[in-house]
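The values are calculated or read from the model by the stated rules, or taken from the named source; none is laboratory data. It should be emphasised that the depicted structure is a prediction, and the values quoted were computed from it without experimental measurement. Cβ atoms come from the backbone with ideal geometry, glycine included; neighbour counts cover every protein chain shown. All accessible areas refer to the heavy atoms of the entire protein, side chains included, with ligands and DNA or RNA removed. Shrake-Rupley method; radii C 1.70, N 1.55, O 1.52, S 1.80 Å.
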Amino acid sequence: MEDLRQRAIRGGFAKVCSQGTTFTLRVGSLMVLARLLDPKDFGLVGMVTAFTGVLSLFRDFGLSSATVQRVKVTEEQISTLFWINVLVGSILCLFLMAISPVVALFYHEPRLLWVTVVLATGFLFNAIGVQHSAMLQREMRFTALALAEVISLVFSVIFGIGMAIAGYKYWALVVMTVVSPLVSTIYFWVATKWIPGAPRKAAEIRTLLRFGSTVTLNGLVVNVAYNFEKVLLGRYWGAEAIGIYGRAYQLINIPTDNLNSSVGEVAFSALSRVQNDRARLRSYFLKGYSFVLALTIPITIACALFANDLISVLLGPKWQSAVPIFRLLAPTIVMFAMMNPFSWLLFSMGLVGRSLKIALVIAPLVITAYLMGLPYGPKGVAFAYSMSMTVWLIPHILWCTHGTGISFKDIVQAVSRPLLSAIVAGAVAFVVQFLYGQSQSHLARLILEGTVLLGVYVVMLFYVMKQKAFYLDLLRSLRGRSPAEATTLALV
């Protein structure tokens, strides 16, 4: 168990650092590309990724999660899973290429034919590296995983911006999307130094496939539910509408994606290793959950209150129509921050069946909301999306925590302090910018708003809500450890 803790410390710290780097790269590349390309360029690629996003759920067939979650797994089993992944990836690649004319016809956009064909190759690149990545995660080699993420993103950004400058327009985004899985797969092979053996039939494979197929079906349902609005907007409102909505959606999701990625991989691996120790499982989960919420809630408040300045600074003046969409989508940041971590808990405990049932309830709820908002365009869809997720929040928490040893009261306690602190901080920051920031530039005003919000939030959380001792305890959890290591250990 101590070895587990040490690996979690080193790897978790690496993941947190890498997510800071990838966050900067993603936001920076988006700022540059938003000024080099038009909304229609983003919209064209967004039309296809609405399809590839659904198919991507089949790319590893949930077998990477099965490899990580199992207490014991043999090299023969991993080799067999590797070849299954390659087969699935090849089928997806060929299938997407085959339906590329249908995609172009569906959107009435001939340019999408070759865009779809090129994007299809990403499924094969990813499939070849899935089990290598799972091996690194199972061994809790998060430093290697962090480097893979950063290096692949760097290459992706270089190719994307380079091609945009050269005038290749939407092809810059296409190549950018394909380069990332290619580079990361090459890195995984080098890092693991593992060459798969021949596939073999084994009884345990059936169990792994059952787990993986349930994870895949769960992901498919959730992905369709959370991305179907992009298909509807692209079909009925056109490339520009989906381009604007898509950039607002991307900006909204960057904070939660990075936080869930940095904490989630470590948490899932660690929780899987202690899945039979309920007390330790509860402690690990609640600490990670509290940490994610403490970082995410003030970001939500900032997005809702200061959307105009954020869009102006990050995307530029030609994206002002994204401001109301961005503001309407802001509540989803905290909704997903509160809901997504439960997948760590359910998957690590093997409760994938329950997760699937929950997904089958979420899907019709949000799709109905999209259809209600569609006649009002992107803003109507954004509003309906946020409202549906807000309505579903409490039932989601109750269902996920049932029988896990984690109570609804535990969740309320984890949420209440950062939420109240952020609301007060947001109100103070809004008043300050209204009184002193009206004559300043968007960048200067954003700096003022962010500084005031962060300062008041820390004071509220540490002193008014009396959480200073809690966070200091995280830093002092291991005597002789660096603060960064101690914090990471406390999270996992």
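Using alpha carbons only, how many angstrom separate the centre of the range 122-157 from the centre of the range 345-400? Between the Cα centres of the range 122-157 and the range 345-400 lies a distance of 29 Å. Extent of the range 67-169 along its three principal axes (Cα atoms, max minus min coordinate, largest first): 50, 31, 16 Å. Calculated from the alpha-carbon coordinates, the range 122-206 shows an Rg and a Dmax of 15.7, 54 Å respectively. The share of C-alpha pairs in the range 175-222 whose separation exceeds 17 Å stands at 64 percent. Computing FRET efficiency as 1/(1 + (r/R0)^6) for residue 210 and residue 190, where r is the C-beta to C-beta distance and R0 is 41 Å, gives about 0.80. Fully extending the segment from residue 470 to residue 438 would add 7.7 nm, taking 0.36 nm per residue of separation and subtracting the current Cα-Cα distance. Solvent exposure of the range 144-242, expressed per residue, is 48 Å² of accessible area, with all protein chains present and a 1.4 angstrom probe. Comparing Cα centroids, the range 418-473 and the range 19-40 end up 26 angstrom apart. With only the Cα atoms considered, the range 314-375 has a convex hull volume of 105 Å³ per residue.
Site pair residue 113 and residue 321 shows an inter-label distance of 2.8 nm when each label is modelled 7 Å from Cα along Cα→Cβ.
In terms of the mean number of neighbouring beta-carbon atoms within 10 Å, the peptides 117-128, 453-464, 167-178 order highest first as 117-128, 167-178, 453-464.
The alpha-carbon atoms of the range 260-340, seen along their principal axes, cover 53, 17, 15 angstrom, with the largest extent given first. Taking one quarter of the surface of the C-alpha convex hull of the range 68-122 gives a mean projected area of 4.8 nm².
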